[in-house]
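Structure record follows, encoded as structure tokens.
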Amino acid sequence: MDSMTEEELENPEIINYSRIKRIARGSGTRPKDVRELLNQYKQMKKFFKGMDKRKLAKMAKKFNFGGLGI
């Protein structure tokens, strides 16, 4: 995730297979692992996008995520 550009973070679908292979090689993992991570990232992004700020603030308090700036 640290090696992803802002554009890739906003829209992970633009990451092609050669980029996935480079990320996997650089992180010592398999391309399959990178794709799974990207899928989980997309799911979490969709989940949080559907929540309003009050729900996010309550959840941050509950799990002690005070540093999120919500």
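Here the chain is treated with +1 on each Lys and Arg Cβ and -1 on each Asp and Glu Cβ, and its dipole about the Cα centre works out to around 400 debye. Compared with the direct C-alpha span, the chain from residue 11 to residue 42 gains 10.3 nm at full extension, assuming 0.36 nm per residue. Projecting the Cα positions of 18, 60, 31 onto the charge dipole of the chain (unit charges on Cβ atoms of Lys, Arg, Asp and Glu, taken about the Cα centre) puts 60 furthest along the positive direction.
Total lysine pairs in the chain at Cα distances under 29 Å, for residues eight or more apart or on different chains: 28. When you restrict to C-alpha pairs under 8 Å that are six or more residues apart and normalise by the size of the chain, the relative contact order lands at 17 percent. A value for volume of the Cα convex hull per residue in Å³ was derived from the coordinates, and within the list (i) 109; (ii) 97; (iii) 81 it appears as (i).
Each reported figure results from applying straightforward, stated rules to the coordinates on display, with no laboratory input. Since the model is a prediction, treat every value here as computed from it, not as a measurement. No Cβ is skipped: glycine too gets one built from the backbone with ideal geometry, and neighbour counts run over all protein chains shown.
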